[in-house]
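Asks: My questions all concern the structure below.
Read the figures in this text as sums done on the coordinates, not as results from a lab. Given the structure is predicted, the values throughout are model-derived calculations rather than measurements. We place every Cβ from the backbone using ideal geometry, glycine too, and count neighbours over all the protein chains shown.
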Amino acid sequence: ASQEPSVPVVGQWEHRFCRLADTFQPVLDRVYEFEVRADDVWIVTLPKCGTTWMQELTWLLMNNCDFETAKSVDLTLRSPFLEFNGVVPNVPHDTIEAANAMPSPRLIKSHLPAWLLPRQIWTKRPKIIYVYRNPKDAAISYFHHWRGMVGYQGTKSDFMHSFIDGYVNFTPCWPHVLDFWQLRHEPHIFFTSYERMKAQLGEVIREVAQFLQRSVSAEQVEQMSQHLSFESMRDNPACNHVKEFESMKAAAGREVEEFSSPNHRFVRRGVVGSHKDELTADIIREFDLWSDINLRDYKLNMDDFANYSKYAA
Ligand code: A3P
């Protein structure tokens, strides 16, 4: 996909590029011209970085901790995945129309890089929450997602190389992360990580509340932490994507049994460092070298992204 960069695109990439399957191509212009509202909240991530987790957290903060609705209404209806248009049968087929019809304040999810987001994002300046995750863990999670939910039949090694080389949807990875990293001090940008959510969920809840200028009591933080635990999210049909992927499989005309991991769950393992026992030492070395090459000019390493807190003293 290519598009002229919109307002504050940062980074050093002369040739902007984002890998997107054909399914996404028809909607990109509509996304670019999408009517943004100043009081929207956007969750922007690379896939498998804790998007759903952060969406659920943010939705609760925006909706006065309405746990009942959070358990009964599918998250895809409460928070549309903007560019995932017409892909899944049981979510609104036209995600853009659905988002247009939503009352404010809306919570919108996108995996697009900064420069492919609606251009009004940079003039209306809605709040944007960006969640980083160590690409080795994100890539392994993505591999399971594709194998278990989309029917990918290739090897793990092939998938990892495709991720590194920018052949899977929404990659290349580092320009995606770095654009938002460089915007992290902007008042309307909140940059955090999956790693911090795992280590300090209560603290991240309080920080997101501060960012959204919403109050949250200690009791609500406790209740939210329970609702957002790995086990509750895994067992919550309103946000574990089980229905969505069953209908995708059905729409693909294949039986669930045909998929190589029929028991795959979207909320799968939920740990930091899952690559350590799921990737070979050689692939880990390749990932590390690739990260070094991409980050060295910025004098950054992966821990900088994982540990960053907007409100740290
Ligand atoms: P794993 O496959 O490593 O388990 P996304 O929503 O961006 O697709 O991210 C999915 C990843 O977030 C999966 O990672 C999933 O298990 C993890 N995840 C979802 N909810 C979680 C939670 N409550 N606690 C920890 N990890 C969670």
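Asks: Given K48/K124; K124/K156; K109/K156; K124/K276; K109/K276; K156/K310, which pairs have Cα atoms separated by over 32 Å?
Replies: With Cα atoms farther than 32 Å apart: K124/K156; K124/K276; K156/K310.
Asks: A further question on this structure: Can you find, among L228, F24, P187, the residue sitting farthest towards the positive end of the charge dipole of region 22-307, where Lys and Arg contribute +1 and Asp and Glu -1 at Cβ?
Replies: Checking the options against the dipole of region 22-307, the answer is P187.
Asks: To make sure I understand, if each residue's beta carbon is the centre and we count other beta carbons within 10 Å, what order do H275, H93 fall in, fewest to most?
Replies: H93, H275
Asks: If you don't mind, there's one more thing I want to ask. Please give, to one decimal in nm, the separation of the simple spin-label points placed at H93 and D282, each 7 Å out from Cα toward the Cβ.
Replies: 4.7
Asks: Expressed as a whole percent, how much of the Cα-Cα distance distribution for the chain exceeds 36 Å?
Replies: Here the long-distance tail beyond 36 Å is 11 percent of all Cα pairs in the chain.
Asks: A further question follows. Please state the charge dipole magnitude for the chain, taken about the Cα centre, from unit charges on C-beta atoms (+1 on K and R, -1 on D and E), reported in debye and rounded to the nearest 20.
Replies: For this selection, approximately 360 debye.
Asks: Please report the relative contact order for the chain, taking Cα pairs under 8 Å with a sequence separation of at least 6, and give it as a percent rounded to a whole number.
Replies: Reported as a whole number, the value is 25 percent.
Asks: Also, quick follow-up: Lysines within cross-link reach of K71: Cα-Cα under 18 Å, excluding same-chain residues under 8 positions apart?
Replies: Qualifying lysines at Cα under 18 Å: K243.
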